[in-house]
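Here is the structure we will look at.
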Amino acid sequence: MALRLSAKQLLSLHQYQYDGTHRNRNECALCAMAMLSNMAAKSSAIKDFHLPAATLGKFLDRIPMRYARVPAWVPRVGGATHPNAATKGLGTYIRKLIRDGFAFPWKAVLRTGQTPIDLEAALRAGNPSLIYGVGRTGIPHVVVPIERKRGGWLMLDPGYARSRNPIRWNDAQLAEWWKSYAFLYPRGTMVSLKRV
């Protein structure tokens, strides 16, 4: 079951890591996690739900070092979020939402070794997903794929303002970007929200 949200609706959920609400500039995964949560809520017709990335970050930072997310207050590397931390952090936040009375029928799932075919299948199944990769600068980064189009992909990139999104990648650009980063995560790392 697809998300049934248009590209315009998905773009409206974009969050920008340099918008001034974050305590540091390493919040791409956090922005992507918030985007997934908002996509899932909108797809589930949950009214009055909007999760700013900064709110999610403050919630996760109250659980210091429980997951491999460096708390935002740590200089230079604060906010960096390992894929395990993204998965467990989303799971913890979903449990909080349920305790607070929201019907949030989603769970976070981490997969590695994924291919573009797996990514396309996740999107067609209606599972909002984020992927970990490495940019041209050699720095790890996280983006949110929203649609597979003929010959390429539409992505929401928290490293660019909404006005510069969605970005378009062809298959070769995705393959070049979606690779392992040292020992931290392998090629094809993807975190999805799956309906339960």
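Only the coordinates and a few stated rules stand behind these numbers; no lab work does. Bear in mind that the values here come from a model prediction, so they are computed numbers and not experimental data. Heads up, the Cβs are rebuilt from the backbone with ideal geometry, glycines too, and the neighbour counts pull from every protein chain shown.
Let me know the number of lysine pairs in the chain closer than 18 Å at the Cα, not counting same-chain pairs under 8 apart.
14
Using θ = phi - 60° and the Karplus form 6.51 cos²θ - 1.76 cosθ + 1.60, what ³J(HN,Hα) does each residue of the stretch 39-55 get, whole Hz, x for Gly and Pro?
Result, ordered by residue: 5, 4, 4, 5, 5, 8, 6, 7, 6, 6, 10, 8, 10, x, 4, 4, 5 Hz.
What nm value, rounded to one decimal, do you get for the distance between R111 and A125 when each label is placed 7 Å out toward the C-beta?
Each label point is offset 7 Å from its Cα along the Cβ direction, giving 0.5 nm.
With charges only on Cβ, +1 for K and R and -1 for D and E, what is the dipole size of the chain about its Cα centre, in debye, rounded to 20?
280
Arrange I63, I139 by Cβ neighbour counts within 10 Å, fewest through most, would you?
Fewest-to-most ranking of I63, I139: I139, I63.
Rounded to the nearest 0.05, what FRET efficiency is calculated for A175 and L11 with R0 set to 30 Å and r the Cβ-Cβ distance?
For R0 = 30 Å, the calculated efficiency reads 0.80.
Would you compute, for the Cα atoms of the stretch 90-139, the largest minus smallest coordinate along each principal axis and list the three values in descending order, in whole Å?
Per principal axis, max minus min of the Cα coordinates gives 42, 26, 14 Å.
Once phi is turned into ³J(HN,Hα) by the Karplus curve 6.51 cos²θ - 1.76 cosθ + 1.60 with θ = phi - 60°, what whole-Hz value does each residue of the stretch 98-105 show in order, with x for glycine and proline?
Coupling constants for the stretch 98-105: 5, 4, 7, x, 7, 8, 10, x Hz.
May I ask for log10 I(q)/I(0) of the stretch 7-195 at q = 0.08 Å⁻¹, from a Debye sum over the Cα atoms as equal point scatterers with solvent left out?
After summing over all Cα pairs, the log10 values are -0.22.
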